[in-house]
Amino acid sequence: MPPTHEVTNQPPPLNGHNLADDPALLEGLRREGAGWAESELRQLGHLGGTDQAQEWSRLAHAYPPVLRTHDRYGHRIDEVEFNPAWHSLMDVAVSHGLHAYPWQDRQPGSHVARAAKFYVWGQVEPGHTCPISMTYAAIPALRHNPTLAETLEPLLAAPVYDYGLRVPTTKSGLIAGMSMTEKQGGSDVRANTTRAVPTADGSYLLTGHKWFTSAPMSDLFLTLAQAPGGLSCFLVPRVLPDATRNRLFLQRLKDKLGNRSNASAELEYEDAVGHLIGEEGRGVPTIINMVNLTRLDCVLGSAASMRWGTVQAVHHTAHRRAFGTVLIDAPLMTNVLADLTIEAEAATTVALRLAGATDRAIAGDEAEESFRRLALAVTKYWVCKRAPAHAAESLECLGGNGYIEDSGMPRLYREAPLSSIWEGSGNVAALDALRAMAKQPESVDTFFTELNQATGADHRLDDAVTELRKDLADTSHIETRARRLVEKMALTLQGSLLVRHAPTAVADAFCASRLAGDWGAAFGTLPAGVDTGALVDRARVRI
C-alpha cells in the first residue's frame, strides 16, 4: 500500500461500549424508582454498542421502506416493504418491553424503566421508535372501549414482534399506529373532514384522506373522524375478523427530511370499518391520553439524540490532534464539549423526572398528574427545540468528517427537528402550556412546588424562580410572550432538578450559563470558572 494511504490521526471506531454507561441516565433511573431495571438496561445498552446493532442502523437508512400498492397481477396489496434490519431493530425493541409492556407490568417504576430503555435503544436508530411509541401510547385511549381493550391490550403489550398482515386476534403481538391529521388542518384536528357513518352492528364506516399516518404497516390505527355526534376517536384494523382486508389504501409514502427508515403515509379510507373509542364528540379528549405519552417520547428521543451527539463529539476530539494538541484538551473545544454535556444531562434529567411523574400519575397520584400536565408541555417545547442546535454543534466538532454520511452525524442532524414538530410544533406546545395554566391553575402550584424543593441551594436559581413568578403574574400580551415564558419555565425546572440531583460541576455550570445569563448564543460560551474538564469526563465512554 502506498504510504499516502496510511491512516493516522483518525479516531478508532466507536463500538464495543455500553450505551447505558450514562451517569445522568443511571442516576435518574435509581432516583425515579426503577433501579431494579438497571441490569436489563445494561443488557440492552451492551447490545446497542455492538457492530451488529450499528449495522442494522446503517442498513435501515441505506435501504428505506418502499410502498408496494399492487402485486404482479394487479391486485391491490398496500404493503410497505422494509429491509430485514428494520425488523431486527423492532424485534429487540418489543422483546425488551419498549412498547406497551409496562401497562401489563404492575411493578412500581415500570414506565421509568421503559423510558430509560427507549432512551438507550433510540440512540441506535431513532426511526423505528415511532411505531414503538405509538403502541405504548395507544393503551390509555383504547381503554375508553373496555371490550376492545380486554381483547387487544394483552396483544399490544406482548413482548413478541409478529410482523405480517393477519387478523389481529390471531397474532402473537400487535403494533398500533396513529392516523390523525388531514391536509386542510394539520394540528387543528377539529378541522378534519373524514366522516364516520354508524352501521346496524355498532361499527362505523369511515371515508376520508389522512395526510400523515404514522407507521402505516401497523396492525391497527387510532384515528379521528366526524361522527353524527361530532369529532370522535375510532380504532381501525387493517384486517377484519373474516380475514378480508379493511378498506384502507396507501396513496404514497412521504419523502421526509429525516426519519427515513420509518414509513409515513397518506392513507385513504373508503368505507373502512372502525370501532368507536369513547363517546361520540369526545375524540380530542380521548386521544389526548395518547398525545401526552407520545410527547414524553419526543422529549426522550431528543435527550437521546443529544447524548449520542455529545458522545460522538467527545470520542472524536479525544483521538484527534490539531495545532500541536489533542483537540479535547484545547480550552475552547473543552468549553464546547462541556456545554454540549450540560444540555444533554439537563434534558435527560428532566425526561426521567417526567417518566417518574407518569408512573406515579398512573398509580393515582393527582399532584403528579397535575405537575406532569404542565411540565410535559413546557419540556416538550424546550428540549425538542434545543435538539437541532445541539446536533449541529456536535457535528461541527467532527469538522469535515462529521459532514460525511459514514459518520452518522448527518442522520442525527436531519432527525433532530422531528420531535419539535411531531405531536405539536413549538407554538402548539407553548400554547398548550398556557392552556394548562388557564384551565388547571393547580398545575401552576404543583410546578412551583417542584421548583421550591431547591430553594436556597443556589441564589441564581432562586432569582430565576422569583423572576418567573413575576412574569407569569403579568398576563398582558401573554400569547405573544408564550415562547419566552415557557422557555423560562423549562430552564428553571431543569435548574431545580440539577441543583438537587446533579454533581456540583453540572449544576453550577447550568445555573451560571442558563439562569444567570452569562451565556452566549452559541454552544461553547460557558463563563470562566466553570469546571469544564469535570463536565467532559461525564460524557466519556469506555471501549
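Side notes on the structure shown:
- Options L535, L468: the member that is buried (at least 17 other Cβ atoms within 10 Å of the Cβ), without any contact (Cβ under 8 Å) to a residue 40 or more places away in the chain, among the aliphatic types (A, V, I, L, M) and in a helix (DSSP H, G or I): L468
- Just one residue in the set D462, D518 is under 30 Å from P23 (Cβ atoms) and at pLDDT below 95; that residue is D518.
- Filter pass, E442 being in contact with a Ser or Thr (Cβ under 6 Å, 6 or more places away or on another chain), among the charged types (D, E, K, R) and closer than 30 Å to S187 by Cβ: yes
- Screening L300, L231, L276 for residues that are in a strand (DSSP E or B) and over 28 Å from V167 (Cβ atoms) leaves exactly one candidate, L231.
- A200 vs. criteria free of Cβ contacts under 8 Å to residues at least 40 places away in the same chain, surrounded by fewer than 15 Cβ atoms within 10 Å (Cβ to Cβ), of a type in the set (A, V, I, L, M) and farther than 30 Å from G301 by Cα: yes
- Taken over region 265-281, the criterion of being surrounded by fewer than 21 Cβ atoms within 10 Å (Cβ to Cβ) and touching a strand residue (DSSP E or B) at 6+ places or on another chain (Cβ under 7 Å) is satisfied by E266, E268, E270, D271, H275, G278, E280, G281.
- Checking L89, L148 one by one, the residue that is part of a helix (DSSP H, G or I), more than 15 Å from the chain's Cα centre (by Cα) and surrounded by fewer than 20 Cβ atoms within 10 Å (Cβ to Cβ) is L148 and no other.
- From the options A20, A60, residue that is within 20 Å of the chain's Cα centre (by Cα), surrounded by 15 or more Cβ atoms within 10 Å (Cβ to Cβ), in contact (Cβ under 8 Å) with a residue 12 or more places away in the chain and in a loop (DSSP other than H, G, I, E, B): A20
- Single unsatisfied condition, M178 versus (1) over 22 Å from the mean Cα position of the chain (by Cα); (2) part of a strand (DSSP E or B): (1)
- Of everything in region 397-446 that is over 25 Å from R483 (Cα atoms) and of a type in the set (D, E), the residue that is surrounded by the fewest Cβ atoms within 10 Å (Cβ to Cβ) is D406.
- Pair list, Cβ under 9 Å, 6 or more apart: region 280-299 residue small (G, A, S), other residue at pLDDT below 90: G283/V189; G283/R190; G283/N192
- When region 103-116 is filtered for residues that are surrounded by fewer than 24 Cβ atoms within 10 Å (Cβ to Cβ) and either without any contact (Cβ under 8 Å) to a residue 12 or more places away in the chain or assigned to a helix (DSSP H, G or I) (or both), the ones remaining, listed by number, are W103, D105, R106, S110.
- Residues of region 447-460 satisfying the condition of being over 15 Å from K488 (Cα atoms) and either among the hydroxyl-bearing types (S, T, Y) or buried (at least 18 other Cβ atoms within 10 Å of the Cβ) (or both): T449, A454, T455, D458
- Qualifying residue in region 292-303 (condition: of a type in the set (D, E, K, R), more than 30 Å from L205 (Cβ to Cβ) and surrounded by fewer than 22 Cβ atoms within 10 Å (Cβ to Cβ)): no
- Of the numbered criteria (1) farther than 19 Å from L332 by Cα; (2) free of Cβ contacts under 8 Å to residues at least 40 places away in the same chain; (3) surrounded by fewer than 18 Cβ atoms within 10 Å (Cβ to Cβ), the one R500 fails is (2).
- Any hit, region 285-304, residues being more than 23 Å from F118 (Cα to Cα) and not charged (D, E, K, R): yes
- Every listed requirement among (1) touching a residue at least 60 places away in the same chain (Cβ under 8 Å); (2) of a type outside the set (D, E, K, R); (3) in contact with a Gly (Cβ under 6 Å, 6 or more places away or on another chain) is met by G229 save one, (1).
- Boolean, N262 is under 30 Å from D78 (Cβ atoms), assigned by TED's automatic domain parsing to the domain that holds F371 and either of a type in the set (S, T, N, Q) or more than 21 Å from the chain's Cα centre (by Cα) (or both): no
- Filtered residues of region 141-179 (kept if within 24 Å of I77 (Cα to Cα), among the hydroxyl-bearing types (S, T, Y) and at pLDDT 95 or above): Y161, Y163, T169, T170, S172
- Residue match in region 425-438 (condition: on the phi > 0 side of the Ramachandran plot, free of Cβ contacts under 8 Å to residues at least 60 places away in the same chain and in a helix (DSSP H, G or I)): no
- Remark: T475 matches the filter, which requires a residue to be β-branched (V, I, T) and at pLDDT below 95.
- Residues in region 328-344 that are in contact (Cβ under 8 Å) with a residue 24 or more places away in the chain, aliphatic (A, V, I, L, M) and surrounded by 13 or more Cβ atoms within 10 Å (Cβ to Cβ): I328, M333, V336, L337, A338, L340, I342, A344.
- Residue check, A141 farther than 25 Å from R238 by Cβ, not acidic (D, E) and not assigned by TED's automatic domain parsing to the domain that holds C298: no
- Given (1) of a type outside the set (G, A, S); (2) out of contact with any helix residue (DSSP H, G or I) (no Cβ under 8 Å at 6 or more places or on another chain); (3) not in a helix (DSSP H, G or I), index of the condition P241 fails: (2)
- All positions within region 439-455 that are touching a helix residue (DSSP H, G or I) at 6+ places or on another chain (Cβ under 7 Å), farther than 15 Å from V378 by Cβ and not in a helix (DSSP H, G or I): Q453, A454, T455
- Of the numbered criteria (1) surrounded by 17 or more Cβ atoms within 10 Å (Cβ to Cβ); (2) modelled with pLDDT of 95 or more, the one S214 fails is (2).
The values are calculated or read from the model by the stated rules, or taken from the named source; none is laboratory data. Bear in mind the structure is a predicted one, so any value in this text is a computation, not a measurement. We place every Cβ from the backbone using ideal geometry, glycine too, and count neighbours over all the protein chains shown.
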